[in-house]
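The values are calculated or read from the model by the stated rules, or taken from the named source; none is laboratory data. In this text the structure is predicted, and so the values were computed from the model without any measurement. When we count neighbours, we look across all protein chains shown, and the Cβ atoms used for this are built from the backbone with ideal geometry, even at glycine.
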Amino acid sequence: MKRLFALFPITIAGILGAFLLWGLNPDRDPNEIPSVLISQPVPGFDLPPVDGLDTDGLSSTDLVKNDGSAPIVVNVFASWCVPCRAEHAVLTRMVRDEGIRLMGINYKDKPKDARKWLDDLGNPYERIGSDLDGRAGIEWGISGVPETFVIDGAGKVVFRFVGPVLGDEAISRMRTALDQARASGGEAS
Amino acid sequence: MIGRFVITLVILAALVSQPAFAVEPDELLADPVLEQRARVISKQVRCVVCQNQDIDSSNAGVARDLRLLVRERLVAGDTDQQVMDFLVARYGDYVLFNPPWKPSTYILWVAPIVILGLGGIATAAVLIQNARRYRKSRKQEAEHGASEEQKPESHSLTEPQA
């Protein structure tokens, strides 16, 4: 019994050590907030189009009524957001090469600036909702721009990416999510 | 002279000034009771951008939006709990500075008590053992001491005789 007691401090040190080691893991991002939206239906919102732009607005029904042909990607962007500019090329390429349907939420942006931004860089979005007061952003639980969501055929959120979709790791995570959306989209339709 | 005056002025300003409020005048509700409730709620909600700040003291855009939202819900007649639930439904438990009591947070809530308990037991064990050892050694000392005290006496008595 006494000998067992002697092992006690070592056990505690072991547990503590393991915990600290876990904390040191460079892949762990303590700022990452788990999204409550994952595997939930898309939140309710209804956004008008960007003023003066002939791309339709975006509401939750557009995301739910998916014919299942391609996974939907919802990208929250703004012209004042510098990383969005970098991400734009990646998303454009994905629309062209990987057959995704890209929807945009233009977050707290002046319509004039948004129009100019899309003129300069091109408009890969099928629909763009203008979220002037950021209320739809709250419904999506975003903490900033850019953020990107993958929606499956049943209108459920399967993936959330915070920050620009840039670099191999981010893109491969996006692809995995897209495959997942394709797989579950087939079931739903 | 002027230098001293300036220094005094600076110190006075530092003393008189208060921390800047993130809550802007246009956000405040006319009803002081509702406003008070909004402030209490805002202090318990984490800003999702600057994660160690509550939305009441954060200058981030999202924090302002959430403050306005909280007030809007209150005006619409929501209870404090309903407002909290509304935020949790969108941002998860992470927006709460007080995590709820549920299976995934049991460790979080219980661990400090368990660790404190273990520490307490360990401390108590060591103290009791020490006290016991001390008493034992005192007792031995008393016994030894008594015999040792007698010895030199008998020695001194016996030696001259020898």
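Each row is one residue, and each column tells you yes or no for (1) within 11 Å of another protein chain (Cβ to nearest Cβ); (2) part of a strand (DSSP E or B); (3) in contact with a Ser or Thr (Cβ under 6 Å, 6 or more places away or on another chain).
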residue: A:GLY104; (1), (2), (3): no, yes, no
residue: A:ASP109; (1), (2), (3): no, no, yes
residue: A:ASP113; (1), (2), (3): no, no, yes
residue: A:ILE128; (1), (2), (3): no, yes, yes
residue: A:GLY137; (1), (2), (3): yes, no, no
residue: A:SER143; (1), (2), (3): yes, no, no
residue: A:VAL150; (1), (2), (3): no, yes, no
Checklist entry - Which of the residues that make up the range B:84-104 are touching a residue at least 24 places away in the same chain (Cβ under 8 Å), in a helix (DSSP H, G or I) and either within 13 Å of chain A (Cβ to nearest Cβ) or of a type in the set (Gly, Ala, Ser) (or both)? => result B:LEU87, B:TYR91, B:TYR94, B:VAL95
Checklist entry - If you take the residues of the range B:29-54 that are more than 14 Å from every other protein chain (Cβ to nearest Cβ), surrounded by 14 or more Cβ atoms within 10 Å (Cβ to Cβ) and in a loop (DSSP other than H, G, I, E, B), which of them is farthest from the chain's Cα centre (by Cα)? => result B:LEU29
Item to check | Subset of the range A:19-69 (residues that are charged (D, E, K, R) and within 28 Å of A:GLY122 (Cβ to Cβ)) | outcome: A:ASP46, A:ASP51, A:ASP54, A:ASP56, A:ASP62, A:LYS65, A:ASP67
Next on the checklist: Looking at the range A:19-60 only, could you name the residues that are more than 30 Å from A:LYS112 (Cα to Cα), within 14 Å of chain B (Cβ to nearest Cβ) and among the hydrophobic types (A, V, I, L, M, F, W, C)?
Outcome noted: A:PHE19, A:TRP22, A:ILE33, A:VAL36, A:LEU37, A:ILE38
Checklist entry - Before we move on, is A:ALA154 more than 12 Å from the chain's Cα centre (by Cα), surrounded by fewer than 18 Cβ atoms within 10 Å (Cβ to Cβ), at pLDDT below 95 and not in a helix (DSSP H, G or I)? => result yes
